[in-house]
Structure formats: structure tokens, C-alpha cells
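A quick write-up on the structure given underneath.
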Amino acid sequence: MDQKNIIIGILLVLLSLGSHWLITSPPENPSVVSEEHKMDYYVNNFTTTRMSEDGKPFRQLSAKRMVHYPDDDTTELTAPLITMFEGDTPEWEIWSEAGWLSGDGDLLLLQGKVIIERPQTATQKPVHLVTSNLRVQPNQNYAETEEVITINTSSNRITSKGMKAWLKDPMRIKFLANVRGKYEVN
């Protein structure tokens, strides 16, 4: 009988230690973590313009809605439009369904359908690019994606799986895989 009481006592001690561990261990439930990721402010229908050192517009960001989160200083955007200015050359405009901006502003993730356009100039054809899930480094005028892209100019068409694009002079686009093109000679 003494041995039976000792075994029951050991089991009760182990049970209480296990209960204590469950109570004091951090939760693994993502919904508990997301409660800490609360917005501190939002803005509807806004536009902000960053100026260059010479006082000219450098970059402009507009969106239907912006929501800021103080815990990681990130910003979520609904229907963002980014305009990148580069000297006297035509501006680039980038639209998407949604976006996420890092706290330091060095990384912009454009989610869903993304459209990039540049108007025609005397020396360059207009550019219309469609892709999805674009990663943008605004301060470097750089963008990349691993998704399928389609680029149309007035008479040419290029499709590719993935790209890297440097959107300031000299502009360059590197196509990553499965590149197809249709070119018309005038």
C-alpha cells in the first residue's frame, strides 16, 4: 500500500509540474500574437510627396487607405500608386491592389495585380508592364518579381517569368526565365 501511495504521489507531482509549465509557457496561438499588432492610426485618400535635394519631386505615394502599426513601424496600403520622378525624363507610375511598406521606407511589397507605366517621349516608346507581387526598393528606383510579367510598348510585346528592373537612367530590365518577344520593325 505504501508503494501505491508513493506512485500516486509522484504522478500528482508530475501532473502539477506539467500544469505549471502549460500555464507559464508563452502561447503559440497566432491570434494571441496578432492582438499585439494593432494599428495606431490610419489615413484615407492621402498623397505624400518626397522632394529631392534640389527641391523637385522625387517620389510620390498615394493610396485609398494607409494603416500604420507601431510595434514594427510598418504600413499597409490599399490601392497604392507610386510615382517615381527622375530629372527631365517622364515619370514612372506603379499601381497595385495592396502594399506593405517597411518602417524605414526602404522596402515596398506590392501585392496582387501590379501595373507599371511610363508615357511616350520624343525618343522613347510608352511602356506598359503588368505583373503581380512586386518588390520595390524606392530609394534605388529598383523593382523585381519572380512572377510572370508582360511588357507592351506601342508595337512590341515581351513576356517573361521574373524580372529585375532599374527604373532610373540608364534604365535596364533583366528578364529571368522563359522570355518570349514579338517585335515589329517600322
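Is at least one residue of region 100-121 more than 16 Å from P138 (Cα to Cα), surrounded by 15 or more Cβ atoms within 10 Å (Cβ to Cβ), modelled with pLDDT of 90 or more and touching a His at 6+ places or on another chain (Cβ under 8 Å)? Scanning region 100-121 turns up no residue that is more than 16 Å from P138 (Cα to Cα), surrounded by 15 or more Cβ atoms within 10 Å (Cβ to Cβ), modelled with pLDDT of 90 or more and touching a His at 6+ places or on another chain (Cβ under 8 Å).
Scanning region 140-186 for residues that are in contact with an Asp or Glu (Cβ under 6 Å, 6 or more places away or on another chain), surrounded by 14 or more Cβ atoms within 10 Å (Cβ to Cβ) and not in a strand (DSSP E or B) yields a total of 1. Applying the set (1) assigned to a loop (DSSP other than H, G, I, E, B); (2) under 17 Å from the mean Cα position of the chain (by Cα) to W95 leaves exactly one unmet item: (1). So which pairs qualify, if the first residue must be in region 56-74 and in a strand (DSSP E or B), the second must be basic (K, R), the Cβ gap must be under 9 Å, and the two must be at least 6 apart or on different chains? What qualifies is P57/R50; F58/R50; R59/R50; Q60/R50; L61/R50; Y69/K38.
The values are calculated or read from the model by the stated rules, or taken from the named source; none is laboratory data. Bear in mind the structure is a predicted one, so any value in this text is a computation, not a measurement. Backbone-built Cβ (ideal geometry, glycine too); neighbour counts: all protein chains shown.
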